[in-house]
Each structure stands twice: as C-alpha cells, then as structure tokens.
Amino acid sequence: MSNHNKTLGLDKSLYDYLLSVSLREPEVLTQLRQETAQQPMALMQIAPDQGQFLALLVKLIGAKKTLDIGVFTGYSSLVVALALPADGKVVACDVDEEYTAIARRYWQKAGVADKISLHIAPALETLEKLIAAKEAETFDFAFIDADKSNYDNYYELALQLVRRGGLIAIDNVLWSGRVADPQEQDNRTNKIRAFNQKLHQDQRITLSMVAIADGLTLAMKN
Ligand code: CA
C-alpha cells in the first residue's frame, strides 16, 4: 500500500494563517468558545474551523433536520443551527445539566433556541425513542461527539435515523494520534480503533476520514 503522506503538518503559525484567511466565526460563537475555554473540560469543544466545515456540509446537503449527539456547551449544535434554514431543527442529546445550561444561554443569545430541542437523557435512549416514534430516515445530518465507548451504538442508531444520502460526522477518530500507537491499549482507544476499522469495511456508507482537528469521519448513508 502506498502511504506517502501529502497531508501538511500544521504548526501553530500555519494553523493561525489558515484561520486568518478562512475563519468567519460569528461573534456569538467566539464568545461561547471563550467562555468554554474557562471550563475544566474545555478540550471537549470542537475547533472553530471544524465547526465552519460542519456548517458548510449542512448547507451543501440542504439539511433541515439534524442530530447532535454530545452537546457539551453547545458549540456544534449552535454552529449547525445557524447554518439551517428558518424551519430547521436540531435534536440535541446530552446528560449534563450544567454544561448544557451554558449551551442554552448561547442558543438564546444567537436567536436559534427555537430550532434546537435539547434532550437531557442518555443519548441511546433518546435515539431509540426517535426510532420508536417512526422518525427513522427523517434526519439529514448527525454529528457524533459523545462518550467514545458508545460510538458504535450511536453510529448504528444514527444510521437508522438519517435518510439515504444523509451524512453522519464523527469526531475524535484520530484520538490525539493514540490510535496509531500500539502501546496505547486503554479501553477508549481500542474502541475508537475498532470503530474506525468497522467503518472502513462498512458497505452501507460512502466514507471519508478527514484530518481536521482531532480527526473527523464523514459517512454518507448509501
Ligand atoms: Ca470532540
């Protein structure tokens, strides 16, 4: 297998340059990112260029109804909600009341709170309920960025919920590089490795793994 690496390593100055000529982050998202940076779990937030990429994808496929699995302080839900048409809808899933309280505050501030319905419950339960409520194949887009040990379960349910031609985006698939280091044998790293291998073989989807931020897999339902 040819594995000549044509992907640029981004050092700080090149990444700053990339942002300086491409980032169009609305002020409300910048403020949310700054507030989230004060939180102990700040690393869980997606990168701003990644958010902008998700917004582009959502517009590209003409999405109206989306899933956000793992909300944290609400950046991904908000960036997607801002990209949706006025009648668009985000079904947001998280278990944490405290972080999602920050999320709600910014959704209000951005004027898109009515587009986002937040379900405080284990996401697996929320997704199962949507399927039971006959919402399978009605979603256009799903973003998976919750607990890594359940990635495969979230993926299987999201695959039922998105329509054909719909897109599932999965975050952290390169896991700070640990997936490529055989010394790393902890549970979450192994789960992500197994998940990546499964998707590589999964003929139900059209696949691309993008080296943006911490690695983003794009899976279009065939
Ligand atoms: Ca993430």
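Values in this text are rule-based calculations from the coordinates and carry no lab data. Everything numeric here is computed off the predicted structure, so don't read it as measured data. When we count neighbours, we look across all protein chains shown, and the Cβ atoms used for this are built from the backbone with ideal geometry, even at glycine.
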Explain nothing, just the number: relative contact order of region 12-221, from Cα pairs under 8 Å at least 6 residues apart, as a whole percent.
16
Along region 29-43, Karplus-curve 3J(HN,Hα) (6.51, -1.76, 1.60; θ = phi - 60°) to the nearest Hz, with x for Gly and Pro, reads 6, 4, 4, 4, 5, 5, 5, 5, 4, 7, 7, x, 9, 3, 5
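So which of Lys65/Lys129; Lys64/Lys191; Lys89/Lys221; Lys65/Lys221; Lys198/Lys221; Lys12/Lys109 end up more than 26 Å apart, counting from Cα to Cα?
Details: Lys65/Lys129 16 Å; Lys64/Lys191 31 Å; Lys89/Lys221 20 Å; Lys65/Lys221 15 Å; Lys198/Lys221 15 Å; Lys12/Lys109 31 Å.
Listed pairs above 26 Å: Lys64/Lys191; Lys12/Lys109.
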Going residue by residue through region 186-196, the Karplus relation 6.51 cos²θ - 1.76 cosθ + 1.60 with θ = phi - 60° gives ³J(HN,Hα) values, rounded to whole Hz and with x marking Gly or Pro, of 6, 4, 5, 4, 5, 5, 5, 4, 5, 5, 4
Exposure proxy ranking, count of Cβ atoms within 10 Å, fewest first, for Thr36, Thr189, Thr73, Thr30:
Thr30, Thr189, Thr36, Thr73
What whole number of Å gives the distance from the Cα centroid of region 123-175 to the Cα centroid of region 87-105?
16
With N set to the number of residues, divide the alpha-carbon radius of gyration of region 5-164 by 2.2 N^0.38 Å and report two decimals.
1.04
Here the FRET efficiency for Glu137 versus Gln108, based on Cβ atoms and R0 = 30 Å and rounded to 0.05, is 0.45
Go through region 120-130 residue by residue and turn each phi into a ³J(HN,Hα) via Karplus (6.51, -1.76, 1.60, θ = phi - 60°); whole Hz please, and just put x for glycine and proline.
8, 5, x, 4, 4, 5, 4, 5, 4, 5, 4
